[in-house]
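Presented below is the structure to which this report refers.
Bear in mind that the values in this text are calculations on the coordinates, not laboratory data. For clarity, every value in this text was computed on a predicted model and none was experimentally measured. So basically every Cβ, Gly included, is an ideal-geometry build from the backbone, and we count neighbours across all protein chains shown.
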Amino acid sequence: MKGFLTFWIIVLFCNFCTISVFADTLSTNSSEKSGFVQVPGGKIWYKIFGVEKKGIPLLCLHGGPGATHDYLLPLAEIADERPVIFYDQLGSGNSDKPTDQSLWTISRFVEELEIVRKELGLKKVHILGQSWGSMLATDYILTKNPTGIMSLIFSGPCLSVKKWVSDQRAYLNELPENIKKVIFEKEAAKDFSSTGYQNAMNEYYKLHICRMAKWPECVNNTFAKMGHQVYEYMCGPSEFDCSGTLKDYERVESLKKLKLPVFYTCGEFDEATPKTVAFYQENTPGSEFKVYKAASHMHHIEQEKEYLSDLRNFLRKIENQQNIR
């Protein structure tokens, strides 16, 4: 969920309104379609892979808040059997970036999700939420009680900010003393943009955000198009605290209300720690859980082949169980 605002600096150093769909465009590849949807506050961009496929679509919700769809693009691989849909939430990526902070609420993002479903005709759909996307999907189910949701996939989820912050503090204490010292000093001084702090944080990110020696283009593109205002307003500037509007987000007690199939995933070294994600799974009746070895928050990229195979199998199993063809 977190890590996006401050990491963007590292990347630079290192390398209710009328509802309508408009400006739809077909790419040169007839199996892809992109366009814009009007939502409260502006226009959001979407793209569909596998337009011609007949399977139940997979709708992907990116993290942040304020990240973009780009780092989730490896999931388009399964568009050989079903439509796979991405969109940039308002305030980031290819979507409008209004400056009105009153727009950055969970309820508005939930409304945005509901509009996307309606306007793209997603009567039946699987929803995958990565990081903050799991928070968004959970509140969508809990507050809107929508029909047609076949399953939820929560990758690197955050469903308790208290646990999230506690886990990051524990990871911080495992860092080498010289790295910890810089982080503690700079955070105490609220000096989040200094080179020293960013270099120290880079060591943290290489352990818990993405453990690949060279980060793929799709990940770098996300950081290049981040919605910083959204992220800082809702999360705050520190990886090890949450001072924004999400600071009181706690949904574990409500997970028993998710009366549909749920598949939890995380990496062995994920910011969403295996212990915490297992706790979510234990509180979600009938749910499943898998940890990806030697991987972290971007385990869908770090262990891409295994993750996509598991995702395909889960979606097919749910559809077979419900006799959906």
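In vacuum, with every alpha carbon of region 233-325 counted as one equal point scatterer, what does the Debye formula give for log10 I(q)/I(0) at q = 0.19, 0.21 Å⁻¹? Two decimals, please. Reported log10 I(q)/I(0), two decimals: -1.04, -1.14. Residue exposure proxy: Cys60, Cys235, ordered by other Cβ atoms within 10 angstrom of their Cβ from fewest to most, comes out as Cys60, Cys235.
Residues Thr273, Thr68, Thr147, arranged from fewest to most other Cβ atoms within 10 angstrom of their Cβ, appear as Thr147, Thr273, Thr68. Sorted ascending by nearby beta carbons within 10 Å, beginning with the fewest, Thr99, Thr105, Thr245, Thr284 become Thr99, Thr105, Thr245, Thr284. The spacing between region 71-135 and region 139-217, judged by their C-alpha centroids, is 21 Å. Amide hydrogen proximity for Phe289: with H placed 1.01 Å from N in the peptide plane, the residues at 5 or more positions away or on another chain lying under 5 Å are Tyr264.
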